[in-house]
Amino acid sequence: MRMVMRMQSHRASRGVSFVNLVQQLVYLPAVVLSSIGASASITVRASSSSSEAAAASVRMSQSEPPPPPPPPMAKKVEHKMEMFGDVRVDNYYWLRDDSRSNPDVLSYLQQENAYTQFFMSGTKKFEDELYAEIRGRIKEDDISAPERKGPYYYYQRTLNGKEYVQHCRRLIPNGKAEAPLSVYDTMPTGPDAPPEHVILDENIKAQHHDYYSIAAFKVSPNNKLVAYAEDTKGNEIYTIHVIDAETGAPVGLPLVDATSYLEWAGDEALVYITMDETLRPDKAWLHKLGTEQSNDSCLYHEKDDMFSLDLQASESKKFLFVGSESKITRFNFYLDIAKLEDGLVVLTPRVNGIDTFVSHRGNHFFIKRRSNKCFNSEVIACPLENTSETTVLLPHRESVKIQDIQLFSDHLVVYEREEGLPKVTIYHLPDVGQPLKSLHGGQAVNFLDPAYSVDQSESEFSSRILRFSYSSMKTPPSVYDYDMKTGISVLKKIETVLGGFEASNYVTERKWASAPDGTQIPISIVYRKDLIKLDGSDPLLLYGYGSYEVCIDPSFKASRLSLLNHGFIYAIAHICGGGEMGRQWYENGKLLKKKNTFTDFIACAEYLIEKKYCSKARLCIDGRSAGGLLIGAVLNMRPDLFKAAVAGVPFVDVLTTMLDPTIPLTTSEWEEWGDPRKEEFYFYMKSYSPVDNVKAQNYPNILVTAGLNDPRVMYSEPAKFVAKLRDMKTDKNIIMFKCELGAGHFSKSGRFEKLQEDAFIYTFIMKALDMVPAQGSGLN
């Protein structure tokens, strides 16, 4: 996020026939074709007689087919950059085009795509079969676990052959809407049930777009209207539409150039957030339905370019919270929905190094607060009328990180992490109006797998039913309703996996590798127990991220079964820079300690080799975005350790990007990577920035991906990385670059399109390990 044979030993039996090879060459750009003719043993003509074709066929049957064409080589245009007496030369700086319209740049990207398509054409049959296998596991016609809101059940439906979802609802039968929610509550679907109503069909909306994504879908409190945020380019600049939930008719004009942060403020107003020219969320707005966007009221403008705004509604739906945060500081405002005229009111003040998340229940605000002293966070509460009067409900603990809180009318749910694993603990709260005191004796929800993932879901505030989603690397996503009073949990929905999947065929493990300083790094592992030998001969794909305090918990992915069923071991390295092991785990992998992230990953790779999970010749690695930085860095540091690497939308031009405040995310991330305008950070960042550290050495097979409209990692970063690698590397392994010209950071938007990408990546990996069958067939 490779190659069956090396280039010099490419054989038609392993890939396309000669006729197909010629067909591929005909459609390659001229810049690629120009280098092929001299080495080919026949001349390709626009048309030829049958006798010429026969003669060509005879000649080719007596000799090896021509070698693949050389890859595109980007032109060099010297661009010097000097700072602190240090001169860097970037010969590929010209590849950056903020308008995404420069003909030379687009031509180069198209040439790269054509080269990638050509080189993968030899295993296209295998890739197509792999895609069919992956898609065959999906129950295409399905619905999500319904959520009860007011008089309706809301859910999403997928249809056979359709890329996108339908947003649906169904009336709760008469007399049941007022009944307390139970874990046994079930939406009726029979012929006597209220009919299904499709509020919005994304398939219809997406018809005229190469990319389509709805990032927010919000139903008004009275259930009459829906507001949704739509992105049709992948650049994460949204248009907000309001429609009648029954008729689908538009209500007013769309709100343009917005983020996906959107909430209802009563039934007749919306609060939303817009961005500045660097795509930093900086303004919160109040929009009254029926008025022009130009008349909207600006609730707050964050002028500090280190801070960005976000928006959330309290579980009680009585308050909206606007948060402003940098990487180390967060403060909050509240908006009383019953008193919109009062505007935003400060709830937690801005104090450098203090990070607060807020919610509401009864006559108290609840606050998760992190500071340098309480680095794993504490939970406090304060009265609505006196926010400076705080009571500690859950104190800070060095061994347990409080990750999030969720409030109900009678309960507080705390999402924690201990020893790298997620925990869910439930506390009963005193009646509203009674004093709040320190909480003790929480009730823990138990989970069975040795490594797993738990995500909170929207639950009904006034109920005692907690809804959460659980999965592990062998357990498909499962939605549970949990009765916080009785401890009874009921499975409401489990992702259907077709094709004979049996969880008992797979083994999940949790191991610990030693970092160079002795720190123990958790590794999550899954494999199919009847295929793995654990003698060093098994192929293994190791994934890593390690930035932004993000936790990469071990979860299920149906397409990954195609790797496991081909004898792969899949592992996740929970390296520092992430948040799995607490706040200090994150602090030890950022700023001037960032290299710990890379050495942790290398230590995990070496551990897996030492323990015979794989060997160097069978080890592949994968990472996306900041995880792509990880992949680029370790490729420069230890290219001998890996057989193949996938760097998805990789942040690889770290120093140049972080020196340019006009690039989105730069200023707000100086607290993550460092500010290279300061000499200490400049030279430290230069020492690991992948583009700046490519050298004349052997590299493994590498696949790099990008999205032309990506606002988070500009496409030019991976493009430069590929160009420099091609120019400097000393091996004959393959580097392929695939740039999606109609997508952004998260690549294509359709659910089947994403599966095609998985099949492409898995085929590339298996080509590198010479695991693709000769005729591209034989999938299980």
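Descriptive notes on the structure:
- Principal axis extents of the Cα atoms in segment 161-250, from largest to smallest and rounded to whole angstrom, are 45, 31, 27.
- Pair residue 178, residue 310: separation of 7 Å Cα→Cβ label points (nm): 3.9
- The 3J(HN,Hα) values that the Karplus relation (6.51, -1.76, 1.60; θ = phi - 60°) gives for segment 355-362 are, in residue order, 10, 10, 10, 10, 8, 8, 7, x Hz. Gly and Pro appear as x.
- Using the Cβ-Cβ distance between residue 455 and residue 257 with R0 set to 30 Å, the FRET efficiency works out to roughly 0.50.
- Of every Cα-Cα pair in the chain, the percent that sits beyond 40 Å: 39
- Eigen-decomposition of the gyration tensor built on the alpha-carbon atoms of segment 383-526 gives equivalent ellipsoid semi-axes of 32, 23, 10 angstrom, largest listed first.
- Using the Karplus relation 6.51 cos²θ - 1.76 cosθ + 1.60 with θ = phi - 60°, the per-residue 3J(HN,Hα) values for segment 428-445 come to 7, 9, x, 4, 4, x, 7, x, 8, 10, 3, 8, 9, x, x, 9, 8, 8 Hz, with x marking Gly and Pro.
- Counting only protein heavy atoms and a probe of 1.4 Å, the accessible surface of segment 541-695 is 52% carbon and sulfur.
- Surface/4 of the Cα convex hull for segment 63-169, nm²: 15.4
- Counting only protein heavy atoms and a probe of 1.4 Å, the accessible surface of segment 712-780 is 48% carbon and sulfur.
- Shape category assigned to segment 210-337 from the gyration tensor of Cα positions, a/c cut at 1.5: oblate
- Computed label-point distance, nm, for sites residue 107 and residue 595 using a 7 Å Cα→Cβ extension: 4.2
- C-alpha center-to-center spacing [segment 414-443, segment 142-189] in angstrom: 30
- Computing FRET efficiency as 1/(1 + (r/R0)^6) for residue 371 and residue 82, where r is the C-beta to C-beta distance and R0 is 56 Å, gives about 0.90.
- Stretchable slack from residue 207 to residue 512, in nm (0.36 nm times residue separation minus alpha-carbon distance): 105.0 nm
- Residues in segment 198-242 average 42 Å² of solvent-accessible surface per residue, probe 1.4 Å, ligands and nucleic acids excluded.
- Cross-link pairs 124/612; 686/724; 686/729 - those with Cα-Cα distance over 23 Å: 124/612
- Summed over qualifying helices (DSSP H, 4 residues or more, each -39500 (n - 2.57)) and divided by its residue number, the chain shows a 222 nm mean residue ellipticity of -5500 deg cm²/dmol.
- Cα gyration tensor category, rounded, prolate or oblate, for segment 479-559 with a/c compared to 1.5: oblate
- Per residue, segment 509-582 exposes an accessible area of 30 Å² to a 1.4 Å probe, with every protein chain left in place.
- Residues in segment 198-227 that a label on residue 249 would reach, taking backbone N under 16 Å of a point 7 Å out along Cα→Cβ: 224-226
- If R0 is 56 Å, the Cβ-Cβ spacing of residue 503 and residue 222 corresponds to a FRET efficiency of close to 0.85.
- Peptide ranges 703-714, 121-132, 626-637, 77-88 listed from the most packed, as the mean C-beta count within 10 angstrom indicates: 626-637, 703-714, 121-132, 77-88
- For residue 73 and residue 432, the difference between the fully extended length at 0.36 nm per residue and the C-alpha to C-alpha distance is 122.4 nm.
- The charge dipole of the chain, taken about its Cα centre with unit charges on the Cβ of Lys, Arg, Asp and Glu (plus for the first two, minus for the last two), comes to roughly 2400 debye.
- If the convex hull is drawn through the Cα atoms of segment 353-457, its volume per residue in Å³: 107
- Per residue, the solvent-accessible area of segment 249-288 (1.4 Å probe, heavy atoms of protein chains only, all protein chains present) comes to 41 Å².
- Under the shape rule built on the C-alpha gyration tensor, where the axes satisfy a ≥ b ≥ c, segment 631-743 is oblate, since a/c reaches at least 1.5 while a/b does not exceed b/c.
- Alpha-carbon centroid distance for the pair segment 556-590 / segment 242-272, whole angstrom: 38
- Residue list for segment 593-623, given a label point 7 angstrom along the Cα-to-Cβ vector of residue 730 and an amide N cut-off under 13 Å: none
- Taking the centroid of alpha carbons for each part, segment 71-118 and segment 289-319 are 39 Å apart.
- Within the accessible area of segment 134-211 (1.4 Å probe), percent carbon and sulfur: 51
- Compared with the direct C-alpha span, the chain from residue 350 to residue 751 gains 140.2 nm at full extension, assuming 0.36 nm per residue.
- Rel. contact order, % - alpha carbon contacts under 8 angstrom, at least six apart, segment 231-299: 21
- Sequence ranges 572-580, 112-120, ranked by mean other-Cβ count within 10 angstrom, highest first: 572-580, 112-120
The values are calculated or read from the model by the stated rules, or taken from the named source; none is laboratory data. Everything quoted here is computed from the prediction, not taken from an experiment. Positions of Cβ are backbone-derived with ideal geometry, glycine not excepted, and every protein chain shown enters the neighbour counts. Side chains included, ligands, DNA and RNA excluded: accessible areas come from the protein's heavy atoms. Shrake-Rupley method; radii C 1.70, N 1.55, O 1.52, S 1.80 Å.
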